[in-house]
């Protein structure tokens, strides 16, 4: 019985691994690098989680209306390597975020960098930036 169960368990493990791999999306599937955006506003929430941290900011849109932005950042590990800590930003902090717009519409973007009111600027850990750093085939 045990020898018949092993191939079934192996298939289940392979299927679960494939699902997890597809769940993590490439930058180009969701964001448009040709549509940069700058968002200046107030931090309303921070989700310090994997696989991506999220920053939520209230900012005015081009018509002057208040809008809550959902800003996707890199993994906690990537942010930590870039100099972030869990408490780098707090609710109420003023920030200016350089990002790339989501293909799905307004109010969502992928973070390139965050500039704080004290002038400190940190990278957002974007997977788009990682693709720019990959070595060329001739290197």
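Length gained on full extension, residue 120 to residue 90: 9.4 nm, using 0.36 nm per residue less the C-alpha separation.
Quick one: if the Förster radius is 41 Å, what FRET efficiency do residue 66 and residue 5 give, using the C-beta to C-beta distance and rounding to 0.05? Step by step, r from the Cβ atoms, then E = 0.10.
Placing R0 at 22 angstrom, the Cβ-Cβ distance between residue 54 and residue 29 gives a FRET efficiency of 0.80 after rounding to 0.05. Shown here are the Rg and Dmax of the Cα trace of segment 27-133, at 12.7, 37 Å.
A short reminder: the numbers here are calculations on the coordinates, not readings from a lab. Model, not experiment: these values are computed from the prediction. Because the Cβ atoms are built from the backbone with ideal geometry, glycine has one as well, and the counts that use them run over all protein chains shown.
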